[in-house]
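Structure, as structure tokens:
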Amino acid sequence: MKTRKKTSTKIDSLDAVIAQGKATAEELKNAEQTKRRRGRPKNKVKKMQCPFYLPENIVQAISENCKGNKSVFAEEVFKMYFDQNGIKY
């Protein structure tokens, strides 16, 4: 059901319309700007997708050993490899 807004038919000038208004300027508080968002906190580390080809046996081993998230598993494996070989990341 649609309703129509009631407007005054006695609008003479812009000053009369402004005088009837009840608008006030609002200022944002610092507390509201830094308010924590809902949900789990997002990861601040910038990530990038890097598709590459792997042999079938390695893909199968990843699927069997990952805990549901292949990207996290690959990240753990790469970090372990970099740490063993002294590669800075």
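Evaluated on the stretch 43-89, the Kirkwood hydrodynamic radius is 12.2 Å, with distances taken between all distinct Cα atoms.
The stretch between LYS79 and GLU56, if pulled fully straight at 0.36 nm per residue, gains 6.1 nm over its current Cα-Cα span.
Between ARG37 and ASP12, residue separation times 0.36 nm minus the direct Cα-Cα distance comes to 4.3 nm. Packing around the peptides 47-54, 76-83, taken as the average count of other Cβ atoms within 10 Å per residue, puts them in this order, highest first: 76-83, 47-54. Separation of the alpha carbons by more than 28 angstrom is noted, of LYS35/LYS67; LYS35/LYS79; LYS44/LYS88; LYS46/LYS79; LYS47/LYS67; LYS6/LYS35, for LYS35/LYS67; LYS35/LYS79; LYS6/LYS35.
Computed from the coordinates by the stated procedures, all read-outs in this text should not be read as laboratory data. What you see is a predicted model; the values in this text were computed from it and never measured. Counting neighbours? That spans all protein chains shown, and the Cβs are built from the backbone with ideal geometry, glycine included.
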